[in-house]
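In what follows, a structure is listed as structure tokens, so that the remarks can point back to it.
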Amino acid sequence: MHLAIQLLALPLLALQAPKTPAPDLTVWPNAVSSANSDRWLVEHHDEIRRLEPRVLVLDFVNGVPLADVRKKVDELITALAESSRYHGFEDPAAPVFLQYKIAKLADLTDPAPIPKTVDGSSTKYPRLPDVKTGFNFDYAALHTQEFAEYYGFRDPKDSKRCLTLRELLDSGTINELWFVARQSEAGWPFEAIEQKPVYDANFARVGSEHRQCGNGGDDHEPWEGRSLRVNYINYDRGIGCVMENFGHCLEAMAHADVIPYYKKYFHEFGDFDLDKRWGLPVGSLYEIDGGGKDKAEYPDAHTLVVHHAGKELRFENFIANAGNVHFPPNGRHDYDLDNPAPVLSTIEHWRRFDGEGGKDKTIEFTPAKFAKYIELAPDCMGPWLVYWRQNMPGLDNKSLDDERKPMKNWWPFLFY
């Protein structure tokens, strides 16, 4: 009898609805958190295994098929993904951590007959009035209802209107905005701008305080309460140049001191503390390169000579860390990718304390280190920046902080 009861129960079990699988909270955005600056990002920072931010892309490039614009955007996404593979240059199995997803590619070009504009971008490009040359992009316009209609995300509560940029950010529909345009001497946008909340040493937000931390910034752009990066893709240049935009945002995020932990360690990693570590009269080599006689030289792999303010300064036993956007570890001047001379650098062993006497092990750095990425991001500082970013503390990195604890993965800071 007992057996019969069990057998009769089996069909009833089969009729029960299957359980909904638990959401994967190792990937962000997810079912619990999808918006920039969510507290969830801070509380679950160390559990995140992959970022898949949603990007809205605007196309202002007249006369070019949308498919060609999409191809350039996809190339950029591929380069950014490759650059997020921690030590991917030596580990083929290193996983991608930063994988952008296109939420929408909005066609804001002009229909034929195409009108002539001062810069080759469409009439929907938000030009500042009365600008003859220089920065001419009205970033505040991106936050208007007019542009909401261009974006085309219908309000689920009112199908007659579209969601504004603030609403898209608050809902996590998008996490970033890119636009593709042309430029001329008549005007151009900033390379990349970003507004970000300010955090204290314990990663708590400091009231409503926020700061600009891009490569430039528009003080007239509204603050929407969440971090927002707006990146410009110059259609007439390669994606290596766009990688510079993102690199400068990484630098600016540290310089703006919006996340004290990140600032502390990034300045060391990026050789922005040469005055403290080596007694240079400047914090970084950015400050010596004035396009004239000021420059750096490396007579041998462990010596730095700086020509600055009419003086020649020599630093023996010099070891570079990882360098920065414009200056690789053996950079002599801005944009120097061609110095064949090796320089000692800790870039691949930064804060591992795996060398003699507990110091970081050094390598002899030359352009050969990033040569494999020339096809991936061929122009500007692109190939160097792919390799540079792969050396930043990423997923399961082996760097240690001052307390000899594992260094936090830096990539989630992008969306704090």
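Per-structure values
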quantity	calculated
Selection from THR173, TYR232, PHE370 lying farthest towards where the dipole of the chain points positive, charges on Cβ	THR173
The chain: most fluctuating residue of ASP158, ASP24, ASP59 per GNM, C-alpha cutoff 10 Å	ASP158
Mean-position separation - Cα centroids, the range 15-74 and the range 375-408, in angstrom	22
Among (1) 39, 32, 20; (2) 61, 32, 17; (3) 54, 21, 19, the entry derived from the coordinates for semi-axes √(5λ) of the Cα gyration tensor in Å	(1)
Distance (nanometres) between label positions extended 7 Å along Cα→Cβ at LEU337 and PHE315	2.5
Two-site FRET efficiency, ASN30 against LEU400, from Cβ-Cβ distance with R₀ of 30 Å, rounded to 0.05	0.55
Formal net charge of residues neighbouring LYS104 (Cβ-Cβ distance under 11 Å; K, R +1; D, E -1)	0
Mean-position separation - Cα centroids, the range 301-352 and the range 161-234, in angstrom	33
Virtual spin-label span in nm between ALA93 and ALA81, 7 Å along Cα→Cβ	2.0
Listed residue pairs exceeding 18 Å between alpha carbons, taken from LYS101/LYS372; LYS263/LYS361; LYS71/LYS116; LYS71/LYS104; LYS101/LYS157; LYS359/LYS405	LYS101/LYS372; LYS263/LYS361; LYS71/LYS116; LYS101/LYS157
Gain upon complete extension [HIS220, GLU185; 0.36 nm per residue less C-alpha separation]	10.3 nm
Backbone HN-Hα couplings from phi across the range 135-145 [Karplus 6.51/-1.76/1.60, Hz, Gly and Pro as x]	5, 10, 9, 8, 5, 4, 4, 4, 9, 8, 5
Listed peptides 176-185, 76-85 by packing density, highest first (mean Cβ within 10 Å)	76-85, 176-185
Relative contact order computed over the chain (Cα-Cα under 8 Å; 6+ residues apart), in percent	15
GNM top mover of LYS101, LYS276, LYS369 - the chain, alpha-carbon springs below 10 Å	LYS276
Computed [θ] at 222 nm, deg cm²/dmol, the chain (DSSP H ≥ 4; -39,500 (n - 2.57); rounded to nearest 500)	-6500 deg cm²/dmol
DSSP H segments from the chain that extend 20 Å or more along their own axis, Cα-based, with Kyte-Doolittle mean of 1.0 or above	2-15
Gaussian network model of the chain, springs between alpha carbon atoms under 10 Å - residue of ILE347, ILE233, ILE288 with greatest fluctuation	ILE288
Relative contact order (percent, whole number), the range 65-126, Cα cutoff 8 Å, 6+ residue spacing	23
Pair TRP278, ASP200: separation of 7 Å Cα→Cβ label points (nm)	3.7
Within the range 229-253: backbone nitrogen closer than 19 Å to the ILE114 label point (7 Å, Cα to C-beta)	233-238
Ratio of Rg to Rh over the range 159-246 (Cα coordinates, Kirkwood Rh, two decimals)	1.03
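Each value in this text was obtained by applying a stated rule to the coordinates, not by laboratory testing. Keep in mind that what you see is a predicted model, and the values were worked out from it rather than measured. FYI the Cβ positions are ideal-geometry reconstructions off the backbone, even for glycines, and counts take in every protein chain you see.
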